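Let me begin by presenting the structure, written as structure tokens, before commenting on it.
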Amino acid sequence: MGTSLSHPMLTLGSADDSITGLSATDGSVLWTFKPENPIWNFAASFVGDGSFVFQDVTGRAHRAFVNNGTLIWSAGGTGKSWTDGHASVGPNGIAYAVANYPPNFDSGVLTAFRMTDGKVLWSQNTSRPANGAPVVGRLFGKKTYSVVLPAGQQCKKGQQIMIYVYDAESGKPQWTFWGPKLQGDDVAGDAEGVEARLANHIRAKTMPNPWGQAVIDKTGTVFVGGETGHFFSLRDADDDGEINMNDSAEVSVFDAGAAWVGSSGPALADGMLAVAPQDRLHVWQW
């Protein structure tokens, strides 16, 4: 069963009311957990100690055991919120969750939780909706961990997508990237692919998140693709807190002509980068 949700800019379906754990051996149901609020874009982040972290639609973070679904803690959340983002965990013993502020959901918040007990360590408001998944790593020029948050209002003509970066421990802002604005009524590649999708009996339009999943490579460069069809590599080369679109030392961009869908993101290996927006696979080798 699902719970119907509403949004002033988007047409939403039903959210999930419960999470089910299945046996990897035979698929049998091991446990079912029903949180206080519905789940949207569920993604489990495994801590590595037999527990996992997820968030509900309000940005309330939860940590539970994988084997039996027993709740360890739940904390945070923004009442009557909705977000297309999801929670993630860092290698620093911190979990991160996102939420958007009602009634218009046009701005959001990123919150950090201590892994051991769910204590809120810090929160940062975002001027764009927090409709992305945080990712934690060491960025170019930084000695400590950073958390990268892709954000924006998806599927809305004229809306600008952004990247926010904070110190992962303190929440102090480090840099921002003002991305492109969506130029049409649909994300890149959505209208062009309708006929092919219908012929294959799948949903006519993808209507994805504003960004796909961001990744950080071993040099501290951020790679991420957006709803406008652009795939970026980003680094704050001069450490001035802003990414300059016209500076090749800070931004490289590839126009794929198609948006990144949901949690799709780059795959990295030594000397190779692969990305898959909604219509094809692009691979670089060096």
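With the condition kept exactly as written, say whether any residue in segment 77-87 is within 13 Å of Pro35 (Cβ to Cβ) and surrounded by fewer than 24 Cβ atoms within 10 Å (Cβ to Cβ).
Yes, some residue in segment 77-87 is within 13 Å of Pro35 (Cβ to Cβ) and surrounded by fewer than 24 Cβ atoms within 10 Å (Cβ to Cβ).
Per-residue answers, yes or no, for (1) surrounded by 19 or more Cβ atoms within 10 Å (Cβ to Cβ); (2) not basic (Lys, Arg):
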{"residue": "Thr111", "(1), (2)": "yes, yes"}
{"residue": "Leu121", "(1), (2)": "no, yes"}
{"residue": "Gly132", "(1), (2)": "yes, yes"}
{"residue": "Val135", "(1), (2)": "yes, yes"}
{"residue": "Leu139", "(1), (2)": "yes, yes"}
{"residue": "Lys143", "(1), (2)": "no, no"}
{"residue": "Val148", "(1), (2)": "yes, yes"}
{"residue": "Gln153", "(1), (2)": "yes, yes"}
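Criterion first (surrounded by fewer than 16 Cβ atoms within 10 Å (Cβ to Cβ), in contact (Cβ under 8 Å) with a residue 12 or more places away in the chain and of a type in the set (S, T, N, Q)) does Ser127 satisfy it?
yes
From the list Gly189, Gly220, Gly158, Gly171, which residue is open to solvent by 30 Å² or more (accessible area, probe 1.4 Å) and either modelled with pLDDT of 95 or more or not in a strand (DSSP E or B) (or both)?
Sole residue among the options that is open to solvent by 30 Å² or more (accessible area, probe 1.4 Å) and either modelled with pLDDT of 95 or more or not in a strand (DSSP E or B) (or both): Gly158.
Pairs only if they're at least six apart or on different chains, beta carbon under 7 angstrom, first in segment 65-83 and without any contact (Cβ under 8 Å) to a residue 24 or more places away in the chain, second crowded, with 19+ Cβ neighbours inside 10 Å and assigned to a loop (DSSP other than H, G, I, E, B); list them, first residue then second.
Cβ pairs passing all conditions: Gly79/Thr58.
Could you list, in sequence order, all residues of segment 269-281 that are surrounded by 16 or more Cβ atoms within 10 Å (Cβ to Cβ) and not charged (D, E, K, R)?
Leu273, Val275, Ala276, Pro277, Gln278
Tell me whether segment 193-213 contains one or more residues that are open to solvent by 50 Å² or more (accessible area, probe 1.4 Å), more than 21 Å from Ser252 (Cα to Cα) and in contact (Cβ under 8 Å) with a residue 24 or more places away in the chain.
Yes; the residues of segment 193-213 include at least one that is open to solvent by 50 Å² or more (accessible area, probe 1.4 Å), more than 21 Å from Ser252 (Cα to Cα) and in contact (Cβ under 8 Å) with a residue 24 or more places away in the chain.
For segment 236-252, how many residues are over 15 Å from Pro173 (Cα atoms), open to solvent by 40 Å² or more (accessible area, probe 1.4 Å) and of a type outside the set (A, V, I, L, M)?
Total satisfying the criteria: 6.
The values are calculated or read from the model by the stated rules, or taken from the named source; none is laboratory data. Please read all numbers here as calculations on a predicted model, not as lab measurements. Reconstructed Cβ throughout: ideal geometry from the backbone, glycine too, with neighbour counts over all protein chains shown. With ligands, DNA and RNA removed, areas are computed over all heavy atoms of the protein, side chains included. Shrake-Rupley method; radii C 1.70, N 1.55, O 1.52, S 1.80 Å.
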